[in-house]
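Step one of this worksheet: look at the structure below.
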Amino acid sequence: MTEKILTARFEKPDSYRLSSYVEDGGYEALKKALSKTPDEIIDIVKAAGLRGRGGAGFPAGVKWSFVPKESEKPKYLCVNGDEGEPGTFKDRYIMELDPHAIIEGAAIASYAFGAHVAYIYIRGEFKLPIERVENALAEARQAGFLGANILDSGYDLDIWVHPGAGAYVCGEETALIESNEGHRGMPRIKPPFPAIVGLFGGPTVVNNIETLSYVPHIINKGPEWFAAMGPEKNGGTKLFGVSGHVKRPGLYELRMGTPLRKIIYEVCGGMRGDKELKAVIPGGSSTPILTPGEIDVNMDYDSLAKIGTMFGSGAIIVIEEGTCIPRLAARLAKFYAHESCGQCTPCREGVPWIAKILDRVENGMGLPGDLDQVLKICDNIQGKTICPLGDACAMPIRAMIVKFRAEFERHVEEGGCPFGPTPTPWDSES
Ligand SMILES: Cc1cc2nc3c(=O)[nH]c(=O)nc-3n(C[C@H](O)[C@H](O)[C@H](O)COP(=O)(O)O)c2cc1C
C-alpha cells in the first residue's frame, strides 16, 4: 500500500546533495529525455496519466502540449512551490529533502515544451526549502545539468528561485505569474490562458513541485509502470499530508485510489483516544467536508468528484467527535477573508461577510436567517470571480452548513456553543 517513489530518498543522509542524487541514478532521466524528441516526452507523460498535484488535477502532458511550438516571445516554466492551502505540507519536504528531483523534472518539462528559463516560486516563509533549492541549483549548474548546451545536447536552460511573500492567492497560477513579474499577486482573467500568454507575455506552463518530481521516474521506468499504480486516468502515487485527530498524523506516500477509510484507520492508526470520527476534509481546506458515512471513497480525482468534493492537494484533515463545526467554519472563513486579493467584489465583500456572520453564530449572537444568508452569499460568490479563491471559501462553508445544519442552528437557538471552547484542528492547543 505504501509506495516510495518521491519519498524513497528522504531518509538518506545528505539526500539533498547532488552527490547523493547522482549516486542513486539522478539526472539519468534528463540524459535519456534529451536523446528523445520533445513530442516523445509529452507522449510519455500523457500515457503515464500524471495529473497535476497542485489542486486542479489537470493532466501534465496535455498542459505541455497546449504551448505553441513556435513563439515570438520566450517560453517559461513556473514551478509552483507556494504551498498555501491550509493543511498542505508536502512540497516543502521535496524541496528540503530531494530538490534535485524537482530540478531534473523541471528540466525535462522545459525541454518538452521548449522553455529555456524556468522559475521556482517558493513561499517566502520557507527559509530552508529556499536555501536547499538554491544550493541544488548551484550544484546542478556547476555539474553541467543546467546552463548552456546541457550534457552536449545543444539544449540550454537556466532555473532561478523566486521567493514569494507569503500570500495564499499567489499560489493561483496567474497571480503567481504576476508576482513572479514583480507585481502585486492579483489573478488575471482567463482566457488567454498562461500556455498562450503567461510570464512576461510568453507562453508559460505552471506546474506544482510534486507533479514535476514524478517526471524523472516516469522517464526512467516508463509510463505503463506509473499508470498501473493508480486507477484509470489517475496514475502513480500521491503524497498525502494527514493532520488533525488521528493517532499518527504525517506525510504518507500512497497509491492513488487508496481508500480514505484505510488511510485514517490503518495508515494513521485510527482516531486519537479512540474517539468517534465526526468529519473529514479530504484535500485541503477548500474541499467540501465529508461525514463518516462518506469515507468509503477512493482517494483519487474522479472518485472524490463523484461524491461532490475534491481531491485538491491531498491534505486530509481528520476531525473527531466533540469538535465544533461552526467554529471550524468561522475560522476557515476568517482565513479566506484575510487572503482575498480584493480584486473581485463578490470575494472581497462576500467572504468577510461570511466570516463575520459565522463568527457571531459561533459566539452565540447568531440571528434567525443567518444560515440562509450565508448560503445565499456563497451562491453569489461561487463562479462569479476571476479566480477560484472565492469558490475555495464558498464550497467548504456551504458543505459544512448543509451537512451539519442542526449544529449551526443549535448555536443560534441556544445563544452559544453547545461544545464549549473546543479547539478545531487548526487551533494550536489541539
Ligand atoms: C487560491 C489558489 C491557491 C492555489 N495555491 C496553490 C499552491 O500553493 N500550490 C500549487 O501547486 N497550486 C496552487 N493552486 C493551483 C494553481 O493555480 C495551479 O492549478 C497549479 O499550480 C498547476 O500545477 P499542476 O497542474 O502541476 O497541479 C492554487 C489555486 C488557487 C485558486
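The numbers here are math on the coordinates, done by the rules we state, and not lab data. Bear in mind that the values here come from a model prediction, so they are computed numbers and not experimental data. Cβ coordinates were reconstructed from backbone atoms using ideal geometry, including for glycine residues, and neighbour counts include every protein chain displayed.
How many percent of Cα pairs in the chain exceed 27 Å?
Distances greater than 27 Å cover 52 percent of the Cα pairs.
Non-local amide H neighbours of residue 208 (under 5 Å, H modeled in plane, Pro and chain starts lacking H): which ones?
Amide H neighbours of residue 208, under 5 Å, 5+ apart: 53, 54, 80.
Compute the acute angle (0 to 90°) between the alpha-carbon long axis of helix 325-339 and the principal axis of greatest extent of the alpha-carbon atoms of the chain; round to the nearest 10°.
That helix lies at roughly 50 degrees to the long axis.
On average, how much area does the Cα convex hull of the stretch 299-353 cover when viewed from any direction, in nm²?
The directionally averaged projection comes out at 5.3 nm².
Across the stretch 44-49, in residue order, what do the Karplus-derived ³J(HN,Hα) couplings come to in whole Hz, using 6.51 cos²θ - 1.76 cosθ + 1.60 with θ = phi - 60° and x for Gly and Pro?
4, 5, 5, 5, 6, x
If the elastic network links every pair of Cα atoms under 10 Å, which of 388, 368, 59 fluctuates the most in the Gaussian network model of the chain?
Highest fluctuation among the options: 368.
How much of the calculated P(r) for the stretch 237-320 lies past 17 Å, in percent of all Cα pairs?
35 percent
Can you tell me the relative contact order of the chain? Whole percent, Cα pairs under 8 Å, sequence separation 6 or more.
16 percent
Let me see the pair-distance distribution of the stretch 190-276: every alpha carbon pair, 10 Å bin width, integer percents in order.
Cα pair-distance distribution for the stretch 190-276, in percent: 15, 30, 26, 20, 8, 1.
Multiply the residue gap between residue 8 and residue 272 by 0.36 nm, knock off their C-alpha separation, and tell me the result in nm, one decimal place.
92.3 nm
Select from 192, 249, 282 the residue whose mean-square fluctuation is largest in a Gaussian network model of the chain (Cα-Cα springs shorter than 10 Å).
The residue with the greatest mean-square fluctuation here is 192.
Mind pulling the per residue volume of the convex hull built on the Cα atoms of the stretch 197-239? Å³ is fine.
Cα-based convex hull of the stretch 197-239, divided per residue, equals 96 Å³.
If amide hydrogens are placed 1.01 Å from N in the peptide plane, which non-local residues have theirs closer than 5 Å to the one on residue 76?
Answer set, sorted by chain and number: 204, 205.
Project the alpha carbons of the stretch 217-265 onto their principal axes and report the range along each, largest first, in whole Å.
For the stretch 217-265, the Cα extents along the three principal axes come out at 38, 19, 12 Å.
Relative to the compact-globule scaling 2.2 N^0.38 Å, provide the ratio for the alpha-carbon radius of gyration of the stretch 288-430.
Its radius of gyration relative to the 2.2 N^0.38 Å reference: 1.03.
At what distance in nm do the modelled label points of residue 56 and residue 40 sit from each other, each positioned 7 Å from its Cα along Cα→Cβ?
With each label placed 7 Å out from Cα toward Cβ, I get 3.0 nm.
Considering amide H positions built from the backbone, and no H for Pro or chain starts, which residues 5 or more places from residue 89, or on another chain, come under 5 Å of its amide H?
Answer set, sorted by chain and number: 241.
Which of the lysines could a cross-linker bridge to residue 278, judged by Cα under 20 Å and excluding same-chain residues fewer than eight apart?
247, 262, 403
Mind checking the angle between helix 389-403 and the chain's longest principal axis? C-alpha axes, 0 to 90 degrees, to the nearest 10.
Helix 389-403 sits at roughly 40 degrees to that axis.
Quick one: work out Rg over Rh on the C-alpha atoms of the stretch 18-227, Rh as Kirkwood radius.
0.93
Quick check: the angle from helix 370-381's long axis to the longest principal axis of the chain, C-alpha only, nearest 10 degrees?
30 degrees
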